[in-house]
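Everything on this sheet refers to the single structure shown next.
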Amino acid sequence: MSLFELQVVLFTAPALPFASYSRRKKMAFIKVQKTRPYFKRFQVKFKRRREGKTDYRARNRLINQDKNKYNTPKYRFVVRFTNKDIIAQIVSASIAGDMVLASAYASELPHFGLKVGLTNYAAAYCTGLLLARRVLKKLEMDEEYQGNLDVNGEDYSVEPAESRRPFRALLDVGLLRTTTGNRVFGALKGALDGGIDIPHSEKRFAGFSKDSKQLDAEVHRKYIYGGHVAAYMTTLTEDEPEKYQSQFSLYIKTGLEAEKLEEMYKKVHAAIRADPSPKKSGKQPPKQHKRYNLKKLTYEERKARLIERLNALNAAGGNDDSEDDD
Amino acid sequence: MPAGHGLRSRTRDSFSRAFRKKGVIPLSTYLRIFKIGDYVDIKVNGAVHKGMPHKFYHGRTGRIWNVTKRAVGVEVNKQVRNKILKKRIHVRIEHVQQSRCTEEVRERIKKNDQLKADAKARGEIVSTKRQPQGPKPGFMVEGATLETVTPIPYDVVNDLKGGY
């Protein structure tokens, strides 16, 4: 491989695992591709890029603060979805590491009355709303900025009040594909209605139609109150009752029916607005933390283990004398 | 064809990125804050093409006189024939690092202020001036053996063997 080709490979080479090159016996007709000079010249990408978790191009643009604003923090409204949870945080960046101002998890919603469907559009709305109210309460702005009390799915932006300007954050979607109706925009809507100023456009809310280039507030309102889930529930109960039992088993267990969803969400919103502070769980942190990896052996322990293994090998070798040892 | 003298001529090595440090610029570059009056080193980052200073300023240190959205104004000394000009240039953040040239002075000032305050409390006068390193004190040489070396008599036969 000429040096030029190596350089080309460097720029386009994907992140490679560390210990893939072992000194195994070379078979005559294979040329070792990843030689020692390859590894000596290989430049790894940033750790979070190797893990596929951070988009540095987007992060740079979100974090960069005007230099003539000196230490003024630039807050990002971070929304991330896992398989069973929604994480919403207000984060500001610093050289020591990002500082989280406030956070809200969908797994906290059971305290506010939402037991099932913790990762749907409606739950994302609740999480965004919870985060917004928490931040405003922390900054003592919650009286001034009540946000949108009339949830009708229309595009709402915070009006500046007399004394302080609204709390401003920028939406950070991470590596999500921002399609219309994505749950991340449900969380965005929750935060907006909660009273945070986030620059946005209504183009990606659920219910925006590409043809008419307008947001259908009715459809958006339906999604915020879980109307799409309720519709699916009713179609399943009519057509496929067994599938309804399997899909919505937890809903059935808590006694939720398609018609009751909307009023349940209304109650959750009211509970969130009433007291958004996090509930302390009674659990104490364990005195001895659980070990997730093996403890390193001492030199004596390793030597003793080696002697044990050799003895076992010799004993076994003595017994299987007929077998051919390689 | 003669050599050109363009803006970035002769910068092949100085503006190139370091070995295995190419690609995405670490974000701490963008998180540092600069105030007017700070001293900064100018070190060009070849990956960012905007707001690059001229190659003359690469490696110079200057004071900040202006802070804008994405750049700082730096005042650098430049010798032009028989005088030194104070040149004011604007440089983007990526090409500028906080200088440590005043670090030692600032630490010493802090330490001296503390020493003086302590001495005042005790009622003594203390000199905080730095003293130059004096001549080394005298010492006895340890473990020395004496070896007398004398020249050996000149032996014509052996020295000229095979030579003449």
Subject >> Other protein chain Cβ atoms within 10 Å, averaged over every residue that makes up A:62-68 >> reply: 6
**OP:** Restrict the search to region B:34-92; then list the trypsin sites (Lys or Arg not before Pro) that DSSP places in a loop and that have at most 14 other Cβ atoms within 10 Å of their Cβ.
**Re:** B:LYS35, B:LYS50, B:LYS69, B:ARG81
Original post:
By a straight-distance test (C-alpha under 15 Å), which aspartates and glutamates pair with A:LYS210 as possible cross-link partners, with residues fewer than eight away in the same chain excluded?
Top reply: A:GLU202
Subject >> Overall Cα dimensions of chain A, principal axis frame, Å, largest first >> reply: 84, 58, 49
Original post:
Which percent of Cα-Cα pairs in region A:236-326 sits in each 5 Å bin, short to long?
Top reply: 2, 8, 8, 8, 7, 7, 7, 8, 5, 4, 5, 8, 9, 7, 4, 1, 0
Original post:
So which aspartates and glutamates pass the test for A:LYS53, namely a Cα distance under 20 Å, with those fewer than 8 places away in the same chain ruled out?
Top reply: A:ASP85, A:ASP98, A:ASP172
**OP:** Would you please classify the overall shape of region A:209-271 from the alpha carbon gyration tensor, given that a ≥ b ≥ c denote the square roots of the eigenvalues, rounded means a/c under 1.5, and beyond that prolate means a/b larger than b/c while oblate covers the rest?
**Re:** oblate
Original post:
Any idea what the dipole of region A:33-182 comes to, in debye rounded to 20, about its Cα centre with Lys/Arg Cβ at +1 and Asp/Glu Cβ at -1?
Top reply: 1780 debye
Original post:
Where nothing but the Cβ of Lys and Arg (+1) and of Asp and Glu (-1) is charged, how large is the charge dipole of the protein assembly as shown around its Cα centre, in debye to the nearest 20?
Top reply: 2860 debye
Original post:
What is the Cα convex hull volume of region B:37-78 when expressed per residue in Å³?
Top reply: 68 Å³
Subject >> Euclidean distance of C-alpha centroids, region A:206-282 and region B:52-106, integer Å >> reply: 60 Å
Subject >> Largest-first ordering by accessible area, 1.4 Å probe, given options B:HIS95, B:HIS5, B:HIS58 >> reply: B:HIS5, B:HIS58, B:HIS95
Original post:
Setting aside same-chain residues fewer than 8 positions from B:LYS120, which lysines have a Cα under 24 Å from its Cα?
Top reply: B:LYS110, B:LYS111, B:LYS129
Original post:
Taking the convex hull of the alpha carbon atoms in region A:167-215, what volume per residue do you get, in Å³?
Top reply: 68 Å³
Original post:
Once the mean 1/r over all distinct Cα pairs of chain B is inverted, what Kirkwood radius in angstroms do you read off?
Top reply: 22.3 Å
Original post:
When all alpha-carbon pairs of region A:27-77 are counted, what percent fall beyond 11 Å?
Top reply: 80 percent
Original post:
Relative contact order, percent, of chain B when contacts are C-alpha pairs under 8 Å separated by at least 6 residues?
Top reply: 17 percent
Subject >> Surface/4 of the Cα convex hull for region A:51-159, nm² >> reply: 9.3 nm²
Original post:
In units of 2.2 N^0.38 Å, what is the alpha-carbon radius of gyration of region A:142-188?
Top reply: 1.41
Original post:
Could you give the semi-axes, largest first, of the ellipsoid that matches region A:145-300, computed as the square roots of 5 times the alpha carbon gyration tensor eigenvalues and rounded to whole Å?
Top reply: 34, 28, 19
Original post:
Roughly how crowded by other chains is peptide A:37-50, in terms of the mean Cβ count from those chains within 10 Å of each of its Cβ atoms?
Top reply: 1
Subject >> Per-bin percent of Cα-Cα distances, region A:96-170 [10 Å] >> reply: 16, 43, 34, 7, 0
Original post:
Counting partner chain Cβ atoms within 10 Å of every residue's Cβ in B:19-32, what's the average?
Top reply: 5
Original post:
Out of every Cα pair in region A:102-231, what percent are spaced more than 21 Å from each other?
Top reply: 38 percent
Original post:
Once the dipole of chain A is set up with Lys and Arg at +1 and Asp and Glu at -1 on Cβ about the Cα centre, which of A:TYR38, A:ALA258, A:PHE81 lies farthest towards its positive end?
Top reply: A:TYR38
Original post:
GluC sites (Glu not before Pro) within region A:214-320: which are DSSP loop residues with at most 15 other Cβ atoms inside 10 Å?
Top reply: A:GLU257
Original post:
Hey, what did chain A get for relative contact order, percent, Cα under 8 Å, at least 6 apart?
Top reply: 15 percent
Original post:
Which trypsin sites (Lys or Arg not before Pro) in region A:245-326 pass both tests, a DSSP loop state and at most 13 other beta-carbon atoms within 10 Å?
Top reply: A:LYS279, A:LYS280, A:LYS283, A:LYS287, A:LYS290, A:ARG291, A:LYS295, A:LYS296
**OP:** Using Cα pairs closer than 8 Å and at least 6 residues apart in sequence, work out the relative contact order for region A:16-165, in percent.
**Re:** 12 percent
Original post:
Within chain A, what is the longest stretch that has no chymotrypsin sites (Phe, Trp or Tyr not before Pro) placed in a DSSP loop and near at most 10 other beta-carbon atoms within 10 Å?
Top reply: A:30-291
Original post:
How much of the calculated P(r) for region B:1-73 lies past 13 Å, in percent of all Cα pairs?
Top reply: 73 percent
Original post:
So which of B:LYS22/B:LYS55; A:LYS137/A:LYS253; A:LYS47/B:LYS55; A:LYS67/A:LYS189; A:LYS222/A:LYS266 end up more than 23 Å apart, counting from Cα to Cα?
Top reply: A:LYS137/A:LYS253; A:LYS47/B:LYS55; A:LYS67/A:LYS189
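The values are calculated or read from the model by the stated rules, or taken from the named source; none is laboratory data. Since we're looking at a predicted model, the values are computed, not measured. Neighbour counts run over all protein chains shown; Cβ positions are idealised from the backbone, glycine included. In case anyone asks, the SASA skips ligands and DNA or RNA and just uses the protein heavy atoms, side chains included. Shrake-Rupley method; radii C 1.70, N 1.55, O 1.52, S 1.80 Å.
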